[in-house]
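The values are calculated or read from the model by the stated rules, or taken from the named source; none is laboratory data. On a predicted model such as this, the values are computed, not experimentally measured, just so you know. With ideal geometry, Cβ positions are generated from the backbone for all residues, glycine too; neighbour counts draw on all protein chains shown. Side chains are part of the model used for accessible areas, which takes the heavy atoms of the whole protein and leaves out ligands, DNA and RNA. Shrake-Rupley method; radii C 1.70, N 1.55, O 1.52, S 1.80 Å.
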Amino acid sequence: MKKKNCFISVLIKIFLPVLILNAFISCTKYSPESSSPVQIDGFSYRSTLPLKFAKEFKIDSYDSDSSSIYLLTVSGTERFLLLPENTTSPENLPENITAVRIPLEKTYLAATGVMSLFSAIDSLDKIRFSSVQKKDWYVEEAKKAMSEGKILYAGKYNAPDFELLLKENCPLAIESTMIYHTPQIKEKLESLGIPVFVDKSSYEENPLGRLEWVKVYGCLTGKEAEAEAFFEKEISALSFLFENGGKTVTDAADDSERAKVAFFYVSPSGSVVIRGGDDYIVKMIEMAGGIYASPDRNIKSKSPSVAVSFEQFYAFCADSDILIYNSSIDNILHSKEELLEKSPLFSDFKAVKTGKIYTTGKSLYQSTDKIGEVILDLYAVISGEEKELKFLHKVTSGN
């Protein structure tokens with residue numbers, strides 16, 4: 001018994017500090033407001049851009065002898081010093097800060113959700129290379145620019161055309177977090193003198209935080225005022241959702257009075273793909289006053305998509321008030337008959353019987369600039385105040 005107690009005591013001494021550290025890390029999140037300004041030789045700190053929803057970036061402005069510059073910090077650790085062409089880079093710039101010349105020129109864009117934000121502030125001329133081919137773009141302005149040769153296809157994010165990027169002196173690659181799955185590509189780009197900026201808008205807890213990343217691209221393109229104006233316009237259209245302490249639609253005291261919404265698509269194998277409980281689509285549904293239909297909406301899935309059997313889906317979604325088919329992944333759902341072809345059991349669903357079936361377009365995941373419109377459409381179908389939907393489409397028989 002004495003040896004056993006001694007063994008347990010040793011284990012506690014070894015693992016307790018680790019457990020405490022892990023607990024601390026898991027409870028600690030980056031907060032832009034809590035970090036103090038970085039000292040940069042030759043520049044004096046002026047102010048920090050106020051943010052309403054975004055938590056994953058911070059923009060500090062500094063004064064120099066010739067002009068104003070910005071320090072962009074992402075997730076508390078990745079820093080980029082945005083320098084106008086007429087500003088000399090500091091001699092003693094810390095190694096963890098990357099200097100980027102602004103406004104951008106000849107950028108390689110491999111974060112598809114960002115193209116719409118560039119378009120929203122009329123800055124597509126700053127994008128020279130795309131990781132997506134013309135046929136796969138749903139941002140019409142980007143498709144047009146590629147048709148005219150203003151934007152060139154330069155390979156996927158995990159297989160870029162390094163030769164082309166170097167030939168045209170690409171100064172920056174904007175990547176999504178997918179680049180972390182191929183770290184060798186990020187390292188290769190940087191070794192060739194092409195800095196890599198990783199867009200982390202997908203890490204934002206609030207869907208409107210994703211939209212607020214337009215301010216990042218406003219700074220990178222010299223369109224700060226346009227970015228601020230665009231963001232404020234989108235937010236003002238949603239102001240009624242934030243009144244009365246953020247209560248929406250019915251201000252119901254319990255879930256039983258709120259519309260239950262299922263968001264899904266049926267895979268070729270017959271399984272149903274829903275959204276994880278912590279996904280931004282789920283949060284937009286809840287912001288619009290609905291309740292997301294899932295086995296347990298409080299489960300925080302690390303994956304945005306979760307595949308379940310049709311039997312499971314039937315069990316927790318058959319009584320849903322509203323069905324929204326995710327056509328951005330599957331083929332567009334044109335009619336109720338097409339839904340029944342996927343499974344005749346859909347005829348038992350409450351929303352099918354009442355005609356509350358809707359579908360998204362193909363552009364959902366490329367339309368970061370339309371997040372406000374998506375929330376307004378969700379509010380319209382959840383509240384029953386359908387007038388003119390801009391993003392969702394109602395599915396009817398033989399439509």
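Worth pointing out:
- Cβ-derived FRET efficiency at R0 56 Å, Phe240 paired with Glu338, nearest 0.05: 0.95
- ³J(HN,Hα) computed for each position of segment 68-74 - Karplus, 6.51 cos²θ - 1.76 cosθ + 1.60, integer Hz, glycine/proline x: 8, 10, 10, 10, 9, 10, 10
- With DNA, RNA and ligands ignored, accessible area of Met284 (1.4 Å probe; Å², nearest 10): 0
- Subtracting the Cα-Cα distance of Ser267 and Ser309 from their residue separation scaled by 0.36 nm leaves 14.1 nm.
- For the residues Leu192, Leu124, Leu165, a GNM of the chain with alpha-carbon springs under 10 Å puts the largest fluctuation on Leu192.
- Between Leu345 and Ala225, full extension at 0.36 nm per residue minus the direct alpha carbon distance yields a gain of 38.0 nm.
- Pairs exceeding 31 Å between alpha-carbon atoms, taken from Lys58/Lys233; Lys342/Lys370; Lys52/Lys188; Lys52/Lys144; Lys143/Lys260; Lys126/Lys362: Lys52/Lys188; Lys52/Lys144; Lys143/Lys260.
- Shown is the FRET efficiency for Lys135 and Asn92, computed with R0 = 30 Å from the Cβ-Cβ distance and rounded to the nearest 0.05: 0.05.
- Surface share of carbon and sulfur [accessible, 1.4 angstrom probe, percent] for the chain: 53
- Selection from Ser44, Ser267, Ala110, by position along the positive dipole direction of the chain (Cβ): Ser267
- Whole-number accessible area per residue in Å² for the chain, which is evaluated in the context of all protein chains at 1.4 Å: 50
- Each residue of segment 163-172 was assigned a 3J(HN,Hα) from its phi angle through the Karplus expression (A = 6.51, B = -1.76, C = 1.60, θ = phi - 60°), giving 4, 5, 4, 6, 4, 9, 6, 4, x, 7 Hz with x at Gly and Pro.
- Remark: C-alpha extents of segment 112-158 on the principal axes read 27, 21, 18 Å, sorted largest to smallest.
- Cut-off 15 Å between beta-carbons: net charge of the residues surrounding Val132, Lys and Arg +1, Asp and Glu -1: +2
- Here Glu257 and Ser75 are evaluated by their C-beta separation; at R0 = 35 Å the FRET efficiency comes out at 0.35.
- Mean separation of Cα contacts under 8 Å (6+ apart) over length of the chain, as relative contact order %: 12
- Cα-centre dipole for the chain with unit charges at Cβ (Lys and Arg positive, Asp and Glu negative), debye to 20: 1300
- Dipole axis of the chain (+1 Lys, Arg; -1 Asp, Glu on Cβ), positive-most option in Thr359, Gln312, Gln133: Gln312
- Fraction of the pair-distance distribution of the chain above 26 Å, Cα-Cα pairs, percent: 60
- Exposed-loop-free span, longest in the chain, where GluC sites (Glu not before Pro) count as exposed if DSSP calls them loop and at most 10 other C-beta atoms lie within 10 Å: 244-384
- Summing charges over neighbours of Gly398, with a neighbour being any other residue whose Cβ is under 12 Å away from its Cβ, gives -1 when K and R count +1 and D and E count -1.
- Membrane-span-like helices in the chain, defined here as complete DSSP H runs extending at least 30 Å along the helix axis by their C-alpha atoms with mean Kyte-Doolittle hydropathy no lower than 1.6, are absent; this is a sequence and geometry rule, not a statement about a membrane.
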